[in-house]
Amino acid sequence: MSELRIRPAGEGDIDQVLAFWREAAEGTSVSDDRDGVARLIARDPEALLLAEHDGQLVGTVIAGWDGWRCSLYRLAVLPSHRRRGVSRGLLTAAEERFAALGGRRGDAMVLDDNERAHRAWKAAGYAPQPQWSRWVKSLTG
């Protein structure tokens, strides 16, 4: 693959990111709206990483750091660009960000039924921890 450019998202990227997630991401999130992404960017301008190839958005990952944990969300690659190193490039950038911030371990949120994602995460050196479960509570409505 020719040059892959990875950069943080800015406020001007929000609509493009939301459209991209509708096409490339598996499932939806309660935060998949303009306000949710704007809050993410305002709080941590380096967290939402975009991968571009020839000016086209081809991948995303959210590399969140709360001062304690390194959390990975929304790793998504455009279907036409999968298996070309996009997720590897995004995860490398996320891991470099975490290391620079003092992070010690990356935790990824991965859907149980998304086998394609399981293969990508495993190839990047991640593994599930069966002794943990995600517990959630909706704070809206």
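The values are calculated or read from the model by the stated rules, or taken from the named source; none is laboratory data. In this text the structure is predicted, and so the values were computed from the model without any measurement. When we count neighbours, we look across all protein chains shown, and the Cβ atoms used for this are built from the backbone with ideal geometry, even at glycine. Surface areas here come from the heavy atoms of the whole protein model, side chains and all, with no ligands, DNA or RNA. Shrake-Rupley method; radii C 1.70, N 1.55, O 1.52, S 1.80 Å.
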Residue in segment 63-112 that is least open to solvent (accessible area, probe 1.4 Å), counting only those that are at pLDDT 90 or above and acidic (Asp, Glu): Asp107
Which is over 19 Å from His81 (Cα atoms) and either of a type in the set (A, V, I, L, M) or at pLDDT 95 or above (or both), of Leu49, Leu57, Leu40? Leu40
Looking only at residues that are of a type in the set (S, T, N, Q) and outside any helix (DSSP H, G or I) in segment 1-59, which one is most open to solvent (accessible area, probe 1.4 Å)? Thr28
Inter-residue pairs, beta-carbon under 6 Å, first closer than 13 Å to Ala93 by Cα and without any contact (Cβ under 8 Å) to a residue 24 or more places away in the chain and in segment 51-73, second open to solvent by 30 Å² or more (accessible area, probe 1.4 Å) and hydroxyl-bearing (Ser, Thr, Tyr), 6+ apart: Ile62/Tyr73
Within segment 96-114, count every residue that is part of a helix (DSSP H, G or I), among the acidic types (Asp, Glu) and either in contact (Cβ under 8 Å) with a residue 12 or more places away in the chain or within 13 Å of Trp68 (Cα to Cα) (or both). 0
